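What follows is a single structure, written as structure tokens, with notes after it.
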Amino acid sequence: MTQINPFETAVSTFRHVAEIIGLDKEHPGQDLINRMITPDMGVSFRISLQMDDGTVRSIDAFRVQFNDDRGPYKGGVRFHPQVTYDEVKALAFWMYLKTAVVNIPYGGAKGGIRVDYKALSLPEKERLTKQYFQSLHGLIGPKVDIPAPDVNTGPREMAWGLDRLRKLSGHWDYPVVTGKPIDLGGSLGRKEATGRGCIFVTEAYMKDNGIEPAKATASIQGFGNGGQWAANDLHAMGVKVVAVSDTSCCLHSEDGLDIPAVVDHKVKTGTLAGFSSKVDEIGTEKLWDVPVTVVVPSALENSITEEVAQRIKAEVIAEVANGPTTPKANRYLYESGITVLPDILANAGGVTVSYYEWVQNTQGESWTQEVVEERLKGKMVSAYRQVAEFAKEKETSMRTAAYALAIEKVAHAMIERGAQ
């Protein structure tokens, strides 16, 4: 199968929407399109990791700071064997659009290490993570660039990063990273935020379109943190979750899965396989063939190609993953009448609560989970309303509407700040 470059996908969508809204015509002589699709800075560097057996491995690492016209760079760090510079660049690009959609004062960045992180021992993981943050010392900071967790990283890695940066700077600086453990300045509600934010948006869409949760079904592709919380919240709403998948298999039950039990099994074993003899285990890719009301892609980029889109039988796709749908697939889905709640809206819950964590750290406060979730829901539903109203008014897709609103916000910030 031909590899799809995620950055080319991101830029293709951007150029299409920029043309629709007449970005260059509105701001002639400003070269805004090129300024907005070119990262401010990106670094590709080597980490020399000493393994437990004394050997040394050379590992590729990256950080891209794409745009800070609306605030400091913000973006996660992922450790995965398929990480590339172009992938990190695309994720940083989407991040600055995402923060604009939900109107929080950040730009966009992303980082990654190309490594089979799960195969490393715990001491090797700690050495690798701390070396990554040490290599970026001077480029990141609480008012410059604020890392956070992403694929295969979490509070543990953020604690390691915080510790290394503390030792290099000589002082505590809690807001330097987000997604930290609670007892090291982390925010309540952060681990749930990406999946939960997506379901806040999905719930608002369902209410607007008269879809009763008790009569709805859902499937979740990818069962990491985001997918698990999306499944939990759909289940709690009364939606019957009939299929979930990871790289091992797809669990399928027409009667609905016991989601708390599935999550517990995944957390304990690291896989969906072997969950229960009473539940069908089918091939991972078979998930796309299951008819449902809502499909939630929660894995990596470009999961929904045009061929996959033609197999989907759903009313709405809610994107927990970053960039899961290719431009051709997006066009097919729109023309087929399937609504896509786009990633730069639907999965902005993570960065929103990261912002709330940064605010709490900066002010020396600690909010309750109820306060965090109330503010998250308000932020996500407000952003959904703006995007939905724009899409309805302009008779366009939700993705086009989200991009258009984000582009205009960032463009105005660029013009107001001046070119130099």
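The values are calculated or read from the model by the stated rules, or taken from the named source; none is laboratory data. Being a predicted model, the structure only gives us computed values, none of them experimental. As a convention, Cβ positions derive from the backbone with ideal geometry for all residues, glycine included, and neighbour counts pool all protein chains shown.
Quick notes
- Filtered by the rule that a residue be farther than 13 Å from F66 by Cα, of a type in the set (S, T, N, Q) and modelled with pLDDT of 95 or more, the range 93-152 gives N103, S121, T129, Q131, Q134, S135.
- The range 115-139: number of residues that are in a loop (DSSP other than H, G, I, E, B) and of a type in the set (V, I, T): 1
- Pairs with Cβ under 6 Å, 6+ apart, first in the range 201-215 and free of Cβ contacts under 8 Å to residues at least 24 places away in the same chain and closer than 14 Å to R385 by Cβ, second of a type outside the set (V, I, T) and surrounded by 11 or more Cβ atoms within 10 Å (Cβ to Cβ): none
- Across the range 337-391, the qualifying residues are those that are within 29 Å of T326 (Cα to Cα) and part of a loop (DSSP other than H, G, I, E, B), and the one among them that is nearest to the chain's Cα centre (by Cα) is N347.
- Hits in the range 86-114 (condition: within 25 Å of R399 (Cβ to Cβ) and either part of a loop (DSSP other than H, G, I, E, B) or more than 17 Å from the chain's Cα centre (by Cα) (or both)): V102, N103, I104, P105, Y106, G107
- Any pair with Cβ under 7 angstrom, 6 or more apart, that starts in the range 281-293 at a residue that is assigned by TED's automatic domain parsing to the domain that holds I220 and ends at one that is surrounded by fewer than 16 Cβ atoms within 10 Å (Cβ to Cβ): E281/A273; T284/T247; W288/R311; D289/R311; P291/K313
- Count - residues of the range 66-82 that are in a strand (DSSP E or B) and more than 21 Å from V359 (Cα to Cα): 4
- Selection within the range 20-54 - assigned to a loop (DSSP other than H, G, I, E, B) and aliphatic (A, V, I, L, M): I21, M51
- Test for K286: is it touching a Phe, Trp or Tyr at 6+ places or on another chain (Cβ under 7 Å) and among the basic types (K, R): no
- Within the range 143-189, the residues that satisfy the criterion of being among the aliphatic types (A, V, I, L, M) and over 22 Å from the mean Cα position of the chain (by Cα) are L165, L168, L184.
- A single entry from G154, G186, G138 fulfils the requirement of being surrounded by 14 or more Cβ atoms within 10 Å (Cβ to Cβ) and either out of contact with any Asp or Glu (no Cβ under 9 Å at 6 or more places or on another chain) or among the hydrophobic types (A, V, I, L, M, F, W, C) (or both): G154.
Yes/no matrix, rows are residues, columns are (1) of a type in the set (G, A, S); (2) in contact with a helix residue (DSSP H, G or I) (Cβ under 8 Å, 6 or more places away or on another chain); (3) farther than 26 Å from Q310 by Cβ:
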| residue | (1), (2), (3) |
| --- | --- |
| S248 | yes, yes, no |
| D255 | no, no, yes |
| A261 | yes, no, yes |
| K266 | no, yes, yes |
| T271 | no, no, yes |
| K278 | no, no, yes |
| I282 | no, no, no |
| W288 | no, yes, no |
| V292 | no, no, no |
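- Qualifying positions in the range 331-350 - out of contact with any helix residue (DSSP H, G or I) (no Cβ under 6 Å at 6 or more places or on another chain) and not hydroxyl-bearing (S, T, Y): R331, E335, G337, I338, D343
- Of the residues K392, K379, the single one that is among the basic types (K, R) and surrounded by fewer than 20 Cβ atoms within 10 Å (Cβ to Cβ) is K392.
- Out of S354, S382, sole residue that is outside the structural domain of D208 (by TED's automatic domain parsing) and touching a strand residue (DSSP E or B) at 6+ places or on another chain (Cβ under 6 Å): S354
- Filter result (over 24 Å from A299 (Cβ atoms) and out of contact with any Pro (no Cβ under 8 Å at 6 or more places or on another chain)) within the range 6-20: R15, V17, A18, E19, I20
- Among the residues of the range 102-132, the one identified as basic (K, R) and crowded, with 24+ Cβ neighbours inside 10 Å is K110.
- Screening the candidates G42, G75, G29 for the property of being over 19 Å from T326 (Cβ atoms), out of contact with any strand residue (DSSP E or B) (no Cβ under 6 Å at 6 or more places or on another chain) and not aromatic (F, W, Y) yields one hit, G29.
- Top-ranked residue in the range 58-83 [being polar (S, T, N, Q) and modelled with pLDDT of 95 or more; ranked as nearest to E126 (Cα to Cα)]: S58
- The set of residues in the range 1-19 being assigned to a helix (DSSP H, G or I) and either hydroxyl-bearing (S, T, Y) or more than 17 Å from L97 (Cα to Cα) (or both) consists of T9, S12, T13.
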